[in-house]
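Notes for the one structure printed next.
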Amino acid sequence: MNYPTSESIGAADHYVIPHSEAAPPARLTIAVAGNIGAGKTTLARRISEILQFEPFLEPVAFNPYLEDFYLEPKRWSFPLQVVFLTQKLKLMQQLQQSPHHRVLDRTLHEDAEVFAAAQHRAGFMDDRDWLAYSELYRALEPIVVIPDLILYLQADVDFLMYRIQRRRRPEEKPIKEDYLKRLNRAYDEWIEGISKRTRVLKVRALDYESGPDWKRLDALVHDVEKLLVRTIAFKFQK
């Protein structure tokens, strides 16, 4: 699959502007979205460093159900996702109180509409738990900010498995290719829907440990800045 690179930013089939801005927002929010191992945190940190956005990274608080979920997903899917949703809500509360431009590592919407939804479709979360989880999410979603731009890092399963294995997180050792395939499908569906509500840019995931890709990462960040200036008529004050 050929993914768009920073050279193709702005192409109509990859970039969506659902409505025009009457006035530039006082604070911009960029979110980096993507599957496990796509490189979201690295990109979010680089955006923070170059554009001087305040970073809001995935909560470092340990989810006590994560390792158990990968071993017995049907037993632990519901509590796992409730803990993740709670952690992300706390992070979003901090983000929405920030007076600065913000860059977010994965949205609260992804927790529910990608991960929890994919687990329900796979039969890991039964209908009763899914209904309870969905009711909780629907109560929270209206109060959570929608980013001004979502950068969607796309990657095939082989690339994701390579990165997951290389970073050697013990809790991720049981991750299977089939699970990542399910999440990729769920991400594509979610992106199609969220692109009707905000700007979405699809970007090929990069292997940041290699020199050439690290240079392309910086070029991507600068292209994102130009894109925001062009589409929101916003002037960055650094």
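The values are calculated or read from the model by the stated rules, or taken from the named source; none is laboratory data. All figures in this text were calculated on a predicted structure; none of them were measured in a lab. All Cβ positions, even for glycine, are placed from backbone atoms using ideal geometry, and neighbour counts span all protein chains on display.
Pick out the one residue from I164, I175, I150, I143 that is in contact with a helix residue (DSSP H, G or I) (Cβ under 7 Å, 6 or more places away or on another chain) and closer than 28 Å to P25 by Cα. Break it down into steps so the answer makes sense when it comes.
Details: I164 fails: closer than 28 Å to P25 by Cα; I175 fails: closer than 28 Å to P25 by Cα; I143 fails: in contact with a helix residue (DSSP H, G or I) (Cβ under 7 Å, 6 or more places away or on another chain).
The unique qualifying residue is I150.
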> Can you tell which of Y162, Y179, Y187 is in a helix (DSSP H, G or I) and buried (at least 21 other Cβ atoms within 10 Å of the Cβ)?
Replying inline: Y187
> Which residue out of F84, F62 is surrounded by 13 or more Cβ atoms within 10 Å (Cβ to Cβ) and of a type in the set (F, W, Y)?
Replying inline: F84
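Kindly state which helices (runs of 4 or more DSSP H) lie completely within region 66-152 and contain at least 2 residues that are within 27 Å of R46 (Cβ to Cβ) and within 17 Å of the chain's Cα centre (by Cα).
Working: elements: 66-71, 73-97, 117-121, 127-140.
Helices (runs of 4 or more DSSP H) meeting the threshold: 73-97.
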>> Looking at (1) surrounded by 13 or more Cβ atoms within 10 Å (Cβ to Cβ); (2) assigned to a loop (DSSP other than H, G, I, E, B), which one does K196 not meet, given that it meets all the others?
In response: (1)
>> Which residue is farthest from T42 (Cα to Cα), if the candidates are limited to region 153-182 and must be of a type in the set (K, R) and at pLDDT below 95?
In response: K176
> So which of R46, R75 is basic (K, R) and within 26 Å of L206 (Cβ to Cβ)?
Replying inline: R46
> Taking region 128-185, which residues are polar (S, T, N, Q) and within 27 Å of M92 (Cα to Cα)?
Replying inline: S134, Q154, N184
>> Please go through region 198-212 and give me each residue that is farther than 14 Å from L153 by Cα and at pLDDT below 85, ordered by number.
In response: E209, S210, G211, P212
> In the list V103, V114, which residue meets the criterion of being touching a strand residue (DSSP E or B) at 6+ places or on another chain (Cβ under 9 Å), hydrophobic (A, V, I, L, M, F, W, C) and within 18 Å of K176 (Cα to Cα)?
Replying inline: V114
> Restricted to region 199-226, and to residues that are among the small types (G, A, S) and assigned to a helix (DSSP H, G or I), which residue is surrounded by the most Cβ atoms within 10 Å (Cβ to Cβ)?
Replying inline: A219
>> Need the failing condition index for L95 against (1) farther than 24 Å from E225 by Cβ; (2) in contact (Cβ under 8 Å) with a residue 60 or more places away in the chain; (3) aliphatic (A, V, I, L, M), just the number.
In response: (1)
> With respect to the numbered conditions (1) surrounded by fewer than 19 Cβ atoms within 10 Å (Cβ to Cβ); (2) of a type outside the set (V, I, T); (3) closer than 26 Å to E225 by Cα, which one is the sole condition not fulfilled by K74?
Replying inline: (3)
